[in-house]
Amino acid sequence: MNQERYIRQTTLKGFGPEGQKKLAKAKVLVIGAGGLGVPVLTYLNAMGVGKIGIVDNDIVSVTNLHRQVLYSQEDVGYSKIAIALKKLKTQNPDTTLIGYESFLSTENALGIIGDYDVVVDASDNFPTRYLVNDACVMLKKPFVYGALHGYEGQVSVFNYKNGPTYRCLFSSMPKENEVPNCNEHGVLGIIPGIIGNLQALETVKVITGVGEVLSGKLLLFNGLDQSYQKIKFKLQPDNLAITKLQDFYEWNDPCEIVPTVSVDDLHELMSLKAQIVDVRTIEEFGDCHLPDSIHIPLSELESSLDKINFSNPVYLLCQSGKRSEIALKQLQSVFPEATFFSILGGLNQYLATCS
């Protein structure tokens, strides 16, 4: 260990060389290399965590750059894992870095998480959070939680020394149409940095024993007035009794198949003047859209059916592919005989292939 690199930490009262040794021996898994994952990875790597695993299967999009500051314009279209590993290794060559270029799933969660001491959930969706929770309960691993919405964020630590779990705070998964997303509602670029750094701080506290860990407490941050609140919640003992993972952790019915086309197909569809319906917001559509696409915001879809020719195939497009799936299901329920497709990866994936 390079003693000089960490001298400002090892001279800190209450932390010292012992705290640094604990960091050097620690193994931390970060799930997600996006808005929250970037600050977590950057600071844990800089501070001397010995082994860091990264789980992500996304590519860098130009829409990521205002908040995911590890990436640059020249990285657009490339694997986040590949870029993150390269830049983090340059930042601190002493860290052991391991990339898992896949999404966390019921098939790989226990195997991946089992190799680490602490899990940092930097994902952006509820199915992943519930999967992380259940796997961590089974493996008795603490996990550090963070979430974002607009100008606000949340942080907590679950399953710490048999403390409350994620399910003790959020007992059941909300429905997909009840959950706002940053593609549609936006997020101020600095907010993920603040919340991600708070997650990194909680991770350091869990590893070293310094300070009071946010176990049984949900920290709420409001960036508009710089206010912090803490909400206490208690352990529900039944939530520690998880012995196996669920068969699936998805909003969709696991037996339901959503018809899709890839962005490679999209190029041909555009040349054939296919009927492409863009369900993003007015602001998103104004920033960038495909030529000749029909714009109907998802919130106005049911009242704008006259804009669509249901005798021809309908190709639904959004920013990342989630809202187009919701739109597909809504339209299928009204026109079950019509042909619908959701465009995988949405406009983000399309722009990446064009870069």
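The values are calculated or read from the model by the stated rules, or taken from the named source; none is laboratory data. Here the structure is a predicted model, which is why all the values come from computation and not from measurement. Glycine also receives a Cβ, built like all others from the backbone with ideal geometry; neighbour counts cover every protein chain displayed.
Keeping to segment 17-45, report how many residues are touching a helix residue (DSSP H, G or I) at 6+ places or on another chain (Cβ under 6 Å) and farther than 21 Å from residue 112 by Cα. Qualifying residue count for the region: 7. Tallying residues that are surrounded by fewer than 21 Cβ atoms within 10 Å (Cβ to Cβ) and in contact (Cβ under 8 Å) with a residue 60 or more places away in the chain within segment 20-41 yields 2.
Table: residues versus (1) of a type outside the set (Lys, Arg); (2) surrounded by 20 or more Cβ atoms within 10 Å (Cβ to Cβ); (3) over 18 Å from residue 290 (Cβ atoms); (4) over 22 Å from the mean Cα position of the chain (by Cα).
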{"residue": "319", "(1), (2), (3), (4)": "yes, yes, no, no"}
{"residue": "323", "(1), (2), (3), (4)": "no, yes, no, no"}
{"residue": "330", "(1), (2), (3), (4)": "yes, no, yes, yes"}
{"residue": "334", "(1), (2), (3), (4)": "yes, no, yes, yes"}
{"residue": "338", "(1), (2), (3), (4)": "yes, no, yes, yes"}
{"residue": "342", "(1), (2), (3), (4)": "yes, yes, no, no"}
{"residue": "351", "(1), (2), (3), (4)": "yes, no, no, no"}
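Contact map, segment 281-293: residues that are not assigned by TED's automatic domain parsing to the domain that holds residue 323 and loosely packed, with under 15 Cβ neighbours inside 10 Å paired with residues that are at pLDDT below 90 and not in a loop (DSSP other than H, G, I, E, B), Cβ distance under 8 Å, separation 6+ or inter-chain. No pairs are found.
Among the residues of segment 1-17, those identified as among the aliphatic types (A, V, I, L, M) and more than 16 Å from residue 49 (Cβ to Cβ) are 7, 12.
Within segment 277-317, count every residue that is outside any strand (DSSP E or B) and more than 18 Å from residue 186 (Cα to Cα). Selection size over segment 277-317: 19. Taking the criterion of being assigned to a helix (DSSP H, G or I), over 31 Å from the mean Cα position of the chain (by Cα) and at pLDDT below 90, would at least one residue in segment 269-276 satisfy it? Yes, there is a match, as at least one residue in segment 269-276 is assigned to a helix (DSSP H, G or I), over 31 Å from the mean Cα position of the chain (by Cα) and at pLDDT below 90.
Tell me, yes or no, whether segment 69-78 has at least one residue that is crowded, with 24+ Cβ neighbours inside 10 Å and within 18 Å of the chain's Cα centre (by Cα). Within segment 69-78, none of the residues are crowded, with 24+ Cβ neighbours inside 10 Å and within 18 Å of the chain's Cα centre (by Cα).
A quick yes/no check of all residues on (1) closer than 18 Å to residue 202 by Cα; (2) among the acidic types (Asp, Glu); (3) in contact (Cβ under 8 Å) with a residue 24 or more places away in the chain:
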position: 43; (1), (2), (3): yes, no, yes
position: 46; (1), (2), (3): yes, no, yes
position: 62; (1), (2), (3): no, no, yes
position: 68; (1), (2), (3): no, no, yes
position: 78; (1), (2), (3): no, no, no
position: 84; (1), (2), (3): no, no, yes
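In segment 218-242, of all residues being in contact with a Leu (Cβ under 8 Å, 6 or more places away or on another chain) and closer than 21 Å to residue 131 by Cβ, the one that is surrounded by the fewest Cβ atoms within 10 Å (Cβ to Cβ) corresponds to 233. With the structure loaded, tell me whether residue 38 is in the same structural domain as residue 136 (by TED's automatic domain parsing), hydrophobic (A, V, I, L, M, F, W, C) and closer than 30 Å to residue 348 by Cα or whether it fails that test. In short, yes.
Residues that are touching a residue at least 40 places away in the same chain (Cβ under 8 Å), closer than 17 Å to residue 166 by Cβ, under 27 Å from the mean Cα position of the chain (by Cα) and not in a strand (DSSP E or B) occur in segment 217-234; there is at least one. When 322, 307, 234 are screened for being among the basic types (Lys, Arg) and at pLDDT below 90, only 322 passes.
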